Amino acid sequence: METRANVLQIQWESPIHGQVSYSIPEEMAKGSLVGNIAQDLGLDIKRLKSGKARIYTGDSAEYIELNKERGVLLIKERIDREALCGQTTPCALHFQITLENPMELYPVTVEITDINDNAPTFQKTERRLEISESAVTGSKFMLEKAVDPDIDLNGLQSYSLKHADHFVLKLHSQADGSKKVEMVLQKPLDREKQEHMSLLLTALDGGEPQLSGTMQIHVTVLDANDNAPVFTKPVYKAAISENSQKGTFVTTVSASDADKGTNGEVSYVIANSMNRLSTLFHINEDGDLILDGQVDYEKARSYQIDIEAIDNGGLSDSSKIIIDVSDVNDNSPLINLISKSGIIPEDSRPNTVIAMMSVNDPDSESNGKVNCGINENIPFTIKSTSNGFYSLVTDSDLDRERASEYNISVTCSDEGVPSLSSSVTLTLQISDVNDNAPVFERSSYEAYIIENNTPGLSIFTVKARDADWNQNARVSYILDDSSVNGVPVSSYVSVSADSGVIHAVRSFDYEQIKDFQFRVKAQDGGSPPLSSNVTVKLMIQDQNDNAPQVLYPVQTSSSLVAEMVPRSADVGYLVTKVVAVDVDSGQNAWLSYKLQKATDRALFEVGLQNGEIRTIRQVTDKDAVKQRLTVVVEDNGQPSRSATVNVNVAVADSFPEVLSEFTDFTHDKDYNDNLTFYLVLALAVVSFLFITCLVVIISVKIYRWRQSRVLYHSNLPVIPYYPPRYADTLGTGTLQHVYNYEVCRTTDSRKSDCKFVRPCSQNVLIMDPSSTGTMQRMQSEQNILDDSDSPIESRTQSAQSGLQRTLSTETPN
C-alpha cells in the first residue's frame, strides 16, 4: 500500500510550524510505514533526538508512533476506519510532533481511506409479512434497510429481490444519503393459489471484490383487508435539547386506516435497523415518540427516524421523523499541556516560551468559543498561536530575589450562558543568576582598640549580605591592599575570610599611631564574582603607659645646678619652676606636682598644677644655705605614673657665700659616686652566676625590639603637655627674671667678690666638680613659647640648651 504526503509550509514567528498531511488505507499491519516525517519537515535526525521528539495526541488513542532513529512514522495499532470515524468523511488522525530546546510543534494529519472490509448486513436475517389477499396492486411494504459501515463505492449500493413473482423493489433516496427500500405489489394475491411465499432480499456494495448480505422474507397471504393505514404527514419534524431527561416527550405521529374493526386498528413501530436509534427512542401505541436514552449534541446534531404504521391486516404506511438537537453549554473547555518547563533562569529574555497547550470546547457557536487568561501581577502572558493552541511566555524581566517561584493559573472560559471554565496551575521555579553584589550593613565603620593590645585580638566584625542564593550568596572578606605610613596594612590588621572578623596583627602604641584607615572587600562566590568595598577607620585609645618626663631642672651627673634665693626674699618668692611633660593624652597627661622631701618643709611649697616652687615665709639668716628639695611629678592615669626631680636651692645674697658650701657638696657627691661604683661592681660579679638568665632576657628584648621597630621609625610627633602660662626662656629656665653676675676672683675662691649688674634678677649656680671657679649664667634675649606641634626631642634640647648654657672662668696664673 502506498502513502501520500502533502506538506503545507507556513512561516510565522511562532513555535508552531507548517502542517504535514499523509493518506493511508485502513487495516495496515503494525510497523507499516506512514511517511518520512524528518524529510518532509526538513529536520535532521539529530534534531529529533536532541529535541526529544515525541507525538502528542491529547486524550486520543495513539495509532501512529515515531521512530526517531530513522525519522519515520510507523503504524502502532491496527486502524479500523469504521470504528474510528463511522460514516464521517473524511476520516483523519490529528496529532502534533513536539520538540524541545527550543520548543517547536509540527501539526500532522493522517487521512484514513476506506477499504471494502465490511459486507452489507441486515439487523434481522428474516422477516415475516402478513398481506391480505385483497391488497391492491401498488401496495407498498417497507423493508428493513441493510447497513454497510464502509463508505462511498465500498458502501451499500443496491438491492435485489429474488423469487418475487408478485413483488418488485423500489428504492427512494433520502436527504441523509440513504435509500428507503420498499416492496411493491405488482400482481394481485390469491390466498387460494399460494398462501405462503418465500423471498430473498439481497443488499450489494460496490467494492472489489463485491460483498453482499441477505434477509429472508416470509409472506403469508391473509384474507380481505383492502385498506392500508395512511400517515397524516410524510415527514414529521421535532426539536429537543441535549441532556434532556429520559421519558421526555418528543412528538406525536398519526396514521388512519379506512377499514373497520380489527383491520382498522393501527400500530406504530420504528423501522430503522440501527440499534442506536431503537435504544434512544420508542413510539407507543398512541404515536407518541418518547426519549429513552441520552442525547448529546456533540455526538449527533440531528436524528432521522423511519416509522411504520401497520394495521391488523398487515397493511402499512411509512413516514419519517426528523429531530434536531439544540446545543446546551454543558462542556467546559479542555486544557491539554503539550510541553512545559519546570525551571528557567532569572535572566531569561522576554517572550521566552514556558509552556505550550491546546484548548478545546466541543460545544458549538458561542458555547464553544474559548478565551484564556492567567492570574494578574506576574511577569507572564498567554498568547494564542493558532486555532486552539496557546503559548505561555514571559513578558518582562524576572528577578529571583523578588520571587523564586510562581504558581501560574491558566483559566480558559467559554462564551456560553452561564459560562463554563477550566483551569490548570503550573509551578515554575526561577533559578538564580549572580546579579547582586554583597552589600555591607553600614556605609563605613569605626572601631576602637586600646593600645598595648595582644596580637591576634579580635577588634570587631564587618558584615555584608548578598541577596542571591547558594554559592552566589556566599560572601568572603578580603583586606584591600594599602599602606599606613609606608607599611602594608596587612602588618597591622587581618580579616577572617569567612566571618569578617578584624584581628589586630600587632600591638599598637597610641604615641606612635593614633588612627588609620583601610578598606575591606566583600566578594561573593558567583562566576564571575561580584564585590563591594567599605572603609574602616580604626582608632587607637590611649593607656597610661608613659611616666612624666622632667624637662627642667635638668639632672646631670657632671655638674650641680642650684637655684639662688636671696635672704631678703619675701613670702611667695618664685624660686624656680619644675617643668615636665607626659606623652600620653587626655587625663593620662594631666600632671600634678608635690613636694616629697625638703631640707626645710616650712620654707618652700610647690604649686600643685604649675610646678612653681615658692617661699611660704620670710627667709631669715638662720636658714641653711644649702636647701635640697625632692619634687614628685604624677600624672592622672589609672594607675598613675610619676617621676621625681631634686632641686638644689642656695639661700644666700652673694656667690662667695655659696661657693664653699656647694664645693663641699660636690666632694661629698664624688664620694657617694665612688661608693656606688663599688656596689655596682660587686653586683656585676654576683650577676655573672646568672649569665644564662641574662641571655634569655636579652633574647626577649631583641624580639620585642624587632616587633616595635616599624612603629619606632614612623617618627610620628608626640605633643607634650605643658602647664598653663608656662614660658621657656633660653638661658634662664622657667624663671620670670634673670640675674647677671660679674665675678671677680682671686686665688682664694672663698674671698671672691660678686657684683650684681642688674637688680631684681634671678641667679642659677652651676658647679663643676673639676673646677673651683664660679659660673655666671647669661640672660637670654628670647623666650621660647610652647609649641604643641614640636617633637619631644626638640623641646628637650631647647630646654637643656637654655638651662645649661654656662660660662666658665679659669683661675688666673
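The values are calculated or read from the model by the stated rules, or taken from the named source; none is laboratory data. All values derive from a computational prediction rather than experimental measurement. With ideal geometry, Cβ positions are generated from the backbone for all residues, glycine too; neighbour counts draw on all protein chains shown. Ligands, DNA and RNA are stripped out before the accessible areas are found, and what is left, the full protein with its side chains, is counted by its heavy atoms. Shrake-Rupley method; radii C 1.70, N 1.55, O 1.52, S 1.80 Å.
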**Q.** Per-peptide average of other Cβ atoms within 10 Å, ordering 536-549, 410-423 highest first
**A.** 536-549, 410-423
Q. Where both residues lie in the range 230-326, what percent of DSSP beta bridges are antiparallel, nearest 5?
A. 75
Q | Beta bridges by DSSP in the range 439-541, antiparallel share as percent, to the nearest 5 | A | 75
Q: Give me the distance between the Cα centres of the range 217-231 and the range 480-538, rounded to whole Å.
A: 119
Q: Taking the Cα centre of the range 334-416 as origin, work out the dipole magnitude from +1 charges on Lys and Arg Cβ and -1 charges on Asp and Glu Cβ, in debye rounded to 20.
A: 240
Q) Which ³J(HN,Hα) values in Hz, rounded to whole numbers, follow from the phi angles of the range 687-698 under the Karplus curve 6.51 cos²θ - 1.76 cosθ + 1.60, where θ = phi - 60° and Gly and Pro get x? A) 5, 4, 5, 10, 4, 4, 5, 5, 4, 5, 4, 4
Q: Above 18 angstrom, tally the Cα pairs of the range 439-541 and express them as a % of all pairs, no decimals.
A: 46
Q | Surface accessible to a 1.4 Å probe, residue 457 within the full protein complex, Å² | A | 80
Q) Of 241, 268, 284, whose Cα points farthest to the positive end of the dipole of the range 230-326 (charges on the beta-carbon: +1 Lys, Arg; -1 Asp, Glu; origin at the Cα centre)? A) 241
Q) FRET efficiency for residue 535 and residue 450, Cβ-Cβ distance as r, R0 = 25 Å, nearest 0.05? A) 0.70
Q | In Å, descending, principal axis extents of the Cα set of the range 549-659 | A | 45, 32, 17
Q. Along the principal axes of its C-alpha atoms, what lengths does the range 230-326 span, in descending order and rounded to whole Å?
A. 45, 22, 20
Q | Sequence ranges 586-596, 167-177, ranked by mean other-Cβ count within 10 angstrom, highest first | A | 586-596, 167-177
Q.
Using Cα-Cα distances under 8 Å and only pairs 6 or more residues apart, what relative contact order does the range 121-222 have, in percent?
A. 40
Q. Pairs of lysine in the range 121-222 with Cα under 22 Å and at least 8 positions apart or on different chains: total?
A. 24
